[in-house]
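Notes to accompany the following structure.
The values are calculated or read from the model by the stated rules, or taken from the named source; none is laboratory data. Note that the coordinates shown come from a computational prediction; the quantities given were computed from them, not determined experimentally. As a convention, Cβ positions derive from the backbone with ideal geometry for all residues, glycine included, and neighbour counts pool all protein chains shown.
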C-alpha cells in the first residue's frame, strides 16, 4: 500500500500533464497553474528536509571523527556565519553578508574555476593526442577553430575565420543536435518508465 499510492499518484499526474501539454484547455490550464503553486510549496518543505539531512550528515561526521571531518566543521561554521550575517545585517551592498560574499566566496569560486581550467587543459591534451583517425580529425578541427578565433588566423589566411565559423555552425551544430535528440529521447523514456511504474528507484528501494 505504501508503494501503490505514490505509484498511482505519479501515474495519474503524469498522464494528466502529458494530455494537458498536447491538448490544452482552460480547465486543464487552471489545474496546471494550481499544481505549479503546490510545487512551490512542496519545494519549500523539500529544501527544509534537504537542509536537515545535510546538517545531520556533517554533524555525525564531526562527532564520530570520520575521515576529513575538519572540512565538515569548516562547512557548518561557514554556513552558520553566512546565515547569521544575512538574517542580522541584511543583504544590502554595504552589509557584512555582501562583504563575505565579495571578499571570501567570490575569490574562492574564482580559484575553483581557475583549477578547473587547468584540468580541462590537461584533459584536452590527452584527448587531442593523434593516436587514431578520429583523434587526428578532432585535433585538426580544434586547431582550425582556435586559429579562426584569433587575429593570427586571419593573418595566416583570410578564409580561416570563415572556415572556423563553418566548422562551428555545420558539423559541430549537427553533432550537438544529435546529442540533444538523444538526451530528449532518454528523458522521454525515463519519464515513461517512472509514470508506468517500471522505474521505482525514487521510492527508495531496488
(message) Is it the case, given these coordinates, that residue 168 is in a helix (DSSP H, G or I) and surrounded by 14 or more Cβ atoms within 10 Å (Cβ to Cβ)?
(response) yes
(message) Conditions first: (1) more than 28 Å from the chain's Cα centre (by Cα); (2) not in a helix (DSSP H, G or I). Residue 67 passes all but one, so which condition is the exception?
(response) (1)
(request) From (1) more than 27 Å from the chain's Cα centre (by Cα); (2) surrounded by 10 or more Cβ atoms within 10 Å (Cβ to Cβ); (3) farther than 30 Å from residue 141 by Cα, pick out the condition that doesn't hold for residue 129. (result) (3)
(message) Taking the conditions exactly as written (in contact with a helix residue (DSSP H, G or I) (Cβ under 6 Å, 6 or more places away or on another chain) and either touching a residue at least 12 places away in the same chain (Cβ under 8 Å) or on the phi < 0 side of the Ramachandran plot (or both)), does residue 192 satisfy them or not?
(response) no
(request) Taking residue 114 as meeting all but one of (1) assigned to a helix (DSSP H, G or I); (2) within 30 Å of residue 77 (Cα to Cα); (3) touching a helix residue (DSSP H, G or I) at 6+ places or on another chain (Cβ under 9 Å), write down the number of the exception. (result) (3)
(request) Run down 124, 73, 78, 46 and say which single residue is at pLDDT below 90, surrounded by 10 or more Cβ atoms within 10 Å (Cβ to Cβ), on the phi < 0 side of the Ramachandran plot and in a helix (DSSP H, G or I). (result) 124
(request) Return yes when residue 53 is free of Cβ contacts under 8 Å to residues at least 12 places away in the same chain, over 24 Å from residue 104 (Cα atoms) and in a helix (DSSP H, G or I) and no when it is not. (result) yes
(request) Please verify whether the range 85-93 includes one or more residues that are surrounded by 10 or more Cβ atoms within 10 Å (Cβ to Cβ) and on the phi > 0 side of the Ramachandran plot. (result) yes
